[in-house]
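Working notes for the structure below.
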């Protein structure tokens, strides 16, 4: 209420020839986006504040885990980065749970970098790619629930998968095959995913009641180990578009 | 408060000549009725404390708190010059012409967060003298207890008016709004958070209750403008700019259209790089500006508002805001 009590000098009031009970309102706005870059001057205060943290992070995060043979890209409905990560989830889920897995899916939003450039991949880069402490879990899903789940992924633009091929049509999943066989509504499938999705994340409410099998195995650790396996074999990481997820004609 | 009143009286007179000499206001008919506020803003910085590494990626070398802090310091010193002139004449040094705001998702995205759980992020924002921020869904990622612990290092409040955090570790650790006095202006800032359901794992959201953003924002904006006499109401929003696949889903555009007394929405969540601020009409036909600057601290947004004097009795009348050209450096 302070402002309404402010009495401007008399002549100003006369100038406006109205009540002194005034306020301000926005009339115009100009805008600008500044691009922030390491080429610009840096604040000494912030640099020294950050240094102890950065030294420690970089010490543990700068080791090269693997080499990307191509630039891997996150794309929907299907991208090379998503396919590689889905393959990593499939391979490591089978290994850790020591059981056949029919298909794995990962939420597209869980891939937190738009791309991985060709060249060395550091441990830190994998943390940026998959920063969440999400575990891989296995769920037994019948064909009906799997269809509902895939329809949800269709609304969200298609998710990376290994073991499943499907198409998107009018925000529904169609022409679905699992392990090369058409989806059977009455069959039961072993499906791998991260616990975030299995717990109903990204609107996958239909999965919430389904029991989860867990080994406390982080998806990020699966990626690191899968990448390190390739490195040990002297292989650069590559991946291609295989029409795992596509738009129906 | 006497000195403040005197300050306002004197600056009302001083403003005309000072502002007239500022090129920003050249060409304005009633220069002594105009005042100015600079808003700097970020969103979804996601623990990007250091620039993206030089690895050939599309964002290499971009972002980083050290460069952002230096730029903010430069802008503040420039913008504070006009105000400083008032202050020198009036023996008052409490005013500043810049507000620095963040729209949430401070946390998660680089190993800094995996290791330190947000400590350097909050310390960096405090060192940059952020005025306020709101809560993003990823600020829950190491738990609400962790958020409460990290906020002990914060020199700025988290503002949110549509989360009930009773019976959580964040109870009484947020504010529904804060009023900033910037020169002659009184600016009310509040915040709205996104529905955590299906987005934040249940074990992390805990007892957080999500309340209707429209009703709560309007209640808050009405209070700020009509009761507290704010000249401008800013909402920090983590609802997301818009959702192509579901245009009716709650987002900044829906919020703006259904709002009242809100002048500006600083958005986040959808990581949207906007070519220019969006302008929507609210439910009484007034303009609401929406802006968002992508993610990762790649950009610092700047909005320079000019204000004109108006009669309080016209508060309920709709008013338009002209979006000018890009500010030239």
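Rg to Rh for segment A:122-220: what is it, with Cα atoms only and Rh by Kirkwood?
Values: Rg = 14.1 Å, Rh = 14.3 Å.
Rg/Rh for segment A:122-220 comes to 0.98.
Limiting things to C-alpha atoms, what are the Rg and the maximum Cα-Cα separation (Dmax) for segment B:37-309, in angstroms?
Rg then Dmax for segment B:37-309, in Å: 18.0, 56.
Please report A:71, B:42, A:26, B:74 as a ranked list, fewest other C-beta atoms within 10 angstrom at the top and most at the bottom. Walk me through the numbers on the way to the answer.
Values: A:71 15, B:42 33, A:26 24, B:74 12.
By the 10 Å Cβ count, ascending: B:74, A:71, A:26, B:42.
Can you give the convex hull volume of the alpha carbon atoms of segment B:91-159 per residue, in Å³? Provide the component values of the computation, followed by the final result.
Values: hull volume 6.2 nm³, N = 69.
Hull volume over Cα atoms, normalised by residue count, gives 90 Å³.
Taking 35 Å as R0, compute the FRET efficiency from the Cβ-Cβ separation of residue B:155 and residue B:246 and round it to 0.05. Before the final figure, lay out the partial values.
Details: r = 38 Å, r/R0 = 1.09.
It comes to 0.40.
May I have the extent of the alpha carbons of segment A:56-242 along their three principal axes, as whole Å values ordered from largest to smallest?
Result, largest extent first: 50, 31, 28 Å.
Below 8 Å between Cα atoms, with a sequence gap of 6+, how large is the relative contact order for segment A:56-242 in percent?
Values: 371 pairs, mean separation 63.8, N = 187.
Relative contact order here is 34 percent.
What is the projected area of the convex hull of the Cα atoms of segment B:191-241, averaged over all directions, in nm²? Intermediate results must be reported in sequence, preceding the final value.
Working: hull surface 17.0 nm².
About 4.3 nm², averaged over all directions.
Can you give me the C-alpha center-to-center distance between segment B:174-200 and segment A:24-100, rounded to a whole angstrom?
Answer, in whole Å: 28.
Quick one: if you stick a label point 7 Å off each Cα along the C-beta vector at residue B:164 and residue B:197, how many nm between them?
Simple spin-label model gives 1.4 nm for this pair.
Pop a pseudo-label 7 angstrom from the Cα along the beta-carbon direction at both residue A:185 and residue A:112 and give the gap in nm to one decimal.
Going from the residue A:185 label point to the residue A:112 one covers 4.0 nm.
To the nearest µm²/s, what D does Stokes-Einstein give for the protein assembly as shown at 37 °C and 0.692 mPa s, using the Kirkwood radius over alpha carbon pairs as Rh?
The estimated diffusion coefficient comes to 128 µm²/s.
So, R0 is 22 Å and r is the distance between the beta-carbons of residue A:59 and residue A:39; what FRET efficiency does that work out to, to 0.05?
Values: r = 25 Å, r/R0 = 1.16.
After rounding, the FRET efficiency stands at 0.30.
Quick one: order A:123, A:215, B:48 by neighbouring beta-carbon count within 10 Å, fewest to most. Could you put the intermediate results ahead of the total?
Details: A:123 18, A:215 13, B:48 26.
Exposure proxy ranking, most exposed first: A:215, A:123, B:48.
Sort B:300, B:101 so the one with the fewest other Cβ atoms within 10 Å of its own Cβ comes first. Write out the running numbers ahead of the final one.
Details: B:300 21, B:101 25.
By the 10 Å Cβ count, ascending: B:300, B:101.
Here, each number is a calculation from the coordinates, and none is a lab measurement. Note that the coordinates shown come from a computational prediction; the quantities given were computed from them, not determined experimentally. Don't worry about glycine lacking a Cβ; one is built from the backbone with ideal geometry, like all the others, and counts go over all protein chains shown.
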